[in-house]
Amino acid sequence: MTLGPGLADLDESPRLVGASRRVVRALLARVRAGTVELVEGERTTIFGAGRPLARVVVHDPRAYPALVRQGSVGLGASYAAGWWDCDELTDLVRILERATTPARRRSDALARRLAPLVEPARRLHEWVRPPERVRTREEDRRHVAAHYDLSNDFFELMLDETMMYSCAFFERPEATLAEAQRAKLDRLCRKLALTPEDHVVEIGTGWGGFALHAARHYGCRVTTTTISDAQFEYATRRAAAAGLADRVRVLNRDYRDLEGTFDKLVSIEMIEAIGWRQLDTFFATGARLLEPGGLMGLQAIVIDDRSYERAKRRDDFIKRLVFPGGFLPSIEAMARSATRASDLRVVDLEDIGRHYAETLARWRANLGARAEDVATLGLGEPFARLWRMYLAYCEAAFLERHVSDVQVVFARDRWRGVLGPQPTRA
């Protein structure tokens, strides 16, 4: 596993390490909401006050220049390398998130002010070089494979029997993860008022969870597509084993290459994989695949509208080490893109992001409880640590509400129907 450009050959000179240590300590001195206990050798320093509380033990001083030089990438890579440990990663990331909010807000504001100046030049460039050539289909496949084709066995250990790798919906605190995932799927299916007469196209198969659920419980036909070879094979076998091969058709095809029209379209946390330059293409394709009165049900991880312009161009821990080529849309960006590129309009929106922190905590707990099984997969300790950081990093972002998760229903212009019975809000 590559831990990020520049980490392996990081300058280890005492002078750089010392200077970086002073910078990190100066940053930690700004902590006000929460407490960081920093331990290095015999020295322990307390920063901040109150809860949450995180105890950080530094094993290798190269962690300091890694953090200063590479920010969140260095934070995640140095943890994966074993250069430091923390008793509660989620709390640490929450504390750092709060401490850096003022600086982030200033960067957000600057990026928003510059966006009107940058956008015309970008559109001119993409007129000369169309978006499809900015990132090729082959690159998209490589990016997806780097994340989703890691190991089906690994994802089976982390997820529940539904194999849904997206935000669940906990109707009751004591609900199991599988119950919460089925509740999420029912929520989306009911909003779209799925019936046995519907032919649904799904962009982003995952491991077949939605397609099987919709076909089994709502009787509809589902054509679902993925560009992950591992997911394609898994979902195909799963549909056959469930006796639903006649109602679920699994394709290994880029969504832009799909043909025909469908009554409904569903995409669950796939939009994050397309890259922000493809947002217009995504909605234009969605409209093309729908009947004139069709509905699109979209579930997406979204970033704060204020942060979108900054974050879409910025490399970070997740983009570099976990999900290459990914991005987070904002609600505003999706609505603008749908309006600009298609006749789709928003007819229903629900924020379910408050359920994602619990979903992530359950996944992290599953991996922790099955650590020995994960080890037998041969992925290595740095990989296990990287995913521990990834899940904690995301959990903290949802708890701090820097990111959220939404279910949005878009309708084409001729839609005059009635949405399914509104599920009880929880």
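Looking across the stretch 144-166, just one residue is surrounded by fewer than 21 Cβ atoms within 10 Å (Cβ to Cβ) and touching a Gly at 6+ places or on another chain (Cβ under 7 Å), and that is Tyr165. Residues that are over 13 Å from the mean Cα position of the chain (by Cα) and surrounded by 18 or more Cβ atoms within 10 Å (Cβ to Cβ) were ranked within the stretch 403-422; the one that is nearest to Ala80 (Cα to Cα) is Gln407. Checked against (1) over 24 Å from Arg320 (Cα atoms); (2) at pLDDT 95 or above; (3) among the hydroxyl-bearing types (Ser, Thr, Tyr), Ser13 meets all criteria but (2). For Gly378, the stated conditions do not hold, so it cannot be described as closer than 23 Å to Leu289 by Cβ and not assigned by TED's automatic domain parsing to the domain that holds Arg98.
When Gly209 is tested against (1) touching a strand residue (DSSP E or B) at 6+ places or on another chain (Cβ under 8 Å); (2) buried (at least 21 other Cβ atoms within 10 Å of the Cβ); (3) under 27 Å from Ile318 (Cα atoms); (4) not hydrophobic (A, V, I, L, M, F, W, C), just one condition goes unmet, and that condition is (1). Given the conditions (1) surrounded by 20 or more Cβ atoms within 10 Å (Cβ to Cβ); (2) more than 18 Å from Ile271 (Cβ to Cβ); (3) among the charged types (D, E, K, R), which single one is not true for Asp373? Among (1) surrounded by 20 or more Cβ atoms within 10 Å (Cβ to Cβ); (2) more than 18 Å from Ile271 (Cβ to Cβ); (3) among the charged types (D, E, K, R), the lone unmet condition for Asp373 is (1).
Listed by position, the helices (runs of 4 or more DSSP H) enclosed by the stretch 140-233 that each have at least 3 residues that are over 17 Å from the mean Cα position of the chain (by Cα) and free of Cβ contacts under 8 Å to residues at least 40 places away in the same chain are 177-191, 209-218.
Rundown of residues vs (1) within 24 Å of Phe410 (Cα to Cα); (2) out of contact with any Gly (no Cβ under 9 Å at 6 or more places or on another chain), yes/no style:
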| site | (1), (2) |
| --- | --- |
| Ala168 | yes, yes |
| Glu179 | no, yes |
| Leu188 | yes, no |
| Lys191 | yes, no |
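Within the stretch 248-269, does at least one residue satisfy the condition of being surrounded by 20 or more Cβ atoms within 10 Å (Cβ to Cβ) and in a loop (DSSP other than H, G, I, E, B)? Within the stretch 248-269, not a single residue is surrounded by 20 or more Cβ atoms within 10 Å (Cβ to Cβ) and in a loop (DSSP other than H, G, I, E, B). Every test in (1) within 27 Å of Arg106 (Cβ to Cβ); (2) in contact (Cβ under 8 Å) with a residue 12 or more places away in the chain is passed by Pro324 save one, and that test is (1). Against the conditions (1) without any contact (Cβ under 8 Å) to a residue 60 or more places away in the chain; (2) in contact with a helix residue (DSSP H, G or I) (Cβ under 7 Å, 6 or more places away or on another chain); (3) not hydrophobic (A, V, I, L, M, F, W, C), Asp351 satisfies every one except (2).
The values are calculated or read from the model by the stated rules, or taken from the named source; none is laboratory data. Given the structure is predicted, the values throughout are model-derived calculations rather than measurements. Positions of Cβ are backbone-derived with ideal geometry, glycine not excepted, and every protein chain shown enters the neighbour counts.
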